[in-house]
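The values are calculated or read from the model by the stated rules, or taken from the named source; none is laboratory data. Because the structure is predicted, anything quoted here is derived from the model rather than measured. Cβ atoms come from the backbone with ideal geometry, glycine included; neighbour counts cover every protein chain shown. Side chains included, ligands, DNA and RNA excluded: accessible areas come from the protein's heavy atoms. Shrake-Rupley method; radii C 1.70, N 1.55, O 1.52, S 1.80 Å.
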Amino acid sequence: MIDWQTYGPKTRAIRAGQVRSHEGEHSELIVPTSSFVFDDAAQAAARFAHKEEGNIYSRFTNPTVRTFEERLAALEEGEQCIATSSGMAAILSTCLGVLKTGDHIVASQSIFGTTVNLFNTILGKFGVETTFVELTDINAWQAAIKSNTRLLFLETPSNPLTTIADIRQLADLAHENDCLLVVDNCFCTPVLQQPLKLGADLIVHSATKYLDGQGRCMGGAVVGPKSIVGTDIYAILRNAGPTMSPFNAWVFIKGLETLNIRMKAHCDNAMQFATWLTQQDAIEKVYYPGLTSHPQHQLAQQQQQGFGGIVAFDVKGGREAAWHVIDNTEFLSITANLGDTKTTITHPATTTHGRLTPEQRDAAGIKDGLVRISVGLEDVEDIQKDVQKGLASL
Ligand SMILES: *Cc1c(COP(=O)(O)O)cnc(C)c1O
């Protein structure tokens, strides 16, 4: 077995986890099978009794899915990865794996809307309570921790305002209180940020976003120590079944091979686009961690290896002006998805954050004129031209 940690991250992204079959194929095989056959009855018994390692059924393990898991674990420098059917399935599996009735979560208030719903509505129904706090307010995190708190949960940079949390500081706080720190590393991917190295215990991913990178497949993953991921979280996969399909795993394997160059290209385009935005009169404020005006620019510089592909801005004139800009673009995709080679444009206040009350949106800093762009890999001049069409006609 090759020890991939002795190799660089680009090599790991392309090579780790592949096991060639007797056919000698150069690329990774898709193994679309629900079950696996045994040499004899004794081998079947040994596999079921965990006395022999090997495949039994694709809800538990599948060779293509395993290649994806090993490759992502190698990139995050985690001991083990478990792939899931979506990003939400990764978050649910993590919670079901490590929490029980009566436990408590402290979460950033600036997390993916569906994650908020999952915590409040679904976990709440099973007696797991969540307190939401301001991402950058360490005192609020500390004050929210109770004797039954088990998880701290965050995303950094946040969506859509790209606020940055100090992962090291929150990991220390979690450990002083016998809690686990879970980081949703969707926006940065391991190319730009490795939360485990900064002290986080578990990483969750929506592979649907940058890991695929071309908006084709749904998937997710959990990465962390074998003692948690390989036991409690794997048990959820095996018994509850939020399994990734082999075909999707194959697409994500392909995605990981180009993740390094794609993320750097997303960062370059986003930096150029954000800088251009700051020069437009119709725009009040630009949110991008790469700008020196960003309140956590320095922290982003220390913690990340790049500033990411998400840029947000406030258009003067509120909702009407923001919609006008969106509707007057020619080729940008009006969709709430992100992390695609295709640039997407979103109005958070009426879509991803539409279910919040105006007061809650206000508290979260999401104004009616806010537009979020997931900067893709088209010519950045064309992206600017397209946004300019909307701005010019205001
Ligand atoms: C999309 C997203 C998720 C959920 O992932 P799905 O693959 O859509 O289930 C979770 N967290 C973040 C930050 C996301 O952007």
### Task
For segment 223-309, please list each of the helices (runs of 4 or more DSSP H) lying entirely inside it that holds at least 3 residues being at pLDDT 95 or above, over 23 Å from Gly365 (Cα atoms) and aromatic (Phe, Trp, Tyr).
246-257
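This table checks each residue for (1) within 22 Å of Arg15 (Cα to Cα); (2) open to solvent by 10 Å² or more (accessible area, probe 1.4 Å).
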position	(1), (2)
Gln169	no, yes
Leu202	no, no
Tyr210	yes, no
Gln214	yes, yes
Lys264	yes, yes
Thr278	no, yes
### Task
Filter segment 1-43 down to residues that are under 26 Å from the mean Cα position of the chain (by Cα), farther than 30 Å from Gln305 by Cβ and of a type in the set (D, E, K, R), then give me how many there are.
0
### Index of the failed condition, Thr84 passing every other in (1) at pLDDT below 95; (2) open to solvent by less than 10 Å² (accessible area, probe 1.4 Å)
(1)
## Note on the structure
Of Thr130, Thr121, the only residue that is within 16 Å of the ligand (Cβ to nearest atom), part of a strand (DSSP E or B), free of Cβ contacts under 8 Å to residues at least 60 places away in the same chain and of a type in the set (S, T, N, Q) is Thr130
### Query
Does Gly230 satisfy being more than 14 Å from the ligand (Cβ to nearest atom), open to solvent by less than 40 Å² (accessible area, probe 1.4 Å) and more than 15 Å from Cys81 (Cβ to Cβ)?
no
## Note on the structure
Note on segment 171-196: residues open to solvent by 10 Å² or more (accessible area, probe 1.4 Å) and closer than 22 Å to Asp232 by Cα are His175, Asn177, Asp178, Leu180, Asp184, Leu196
### Task
Report the residue count in segment 173-219 for those that are away from the ligand (no atom under 15 Å from the Cβ), of a type outside the set (Gly, Ala, Ser) and part of a loop (DSSP other than H, G, I, E, B).
5
### Query
What number of residues within segment 323-362 satisfy the criterion of being of a type in the set (Gly, Ala, Ser) and touching a residue at least 24 places away in the same chain (Cβ under 8 Å)?
2
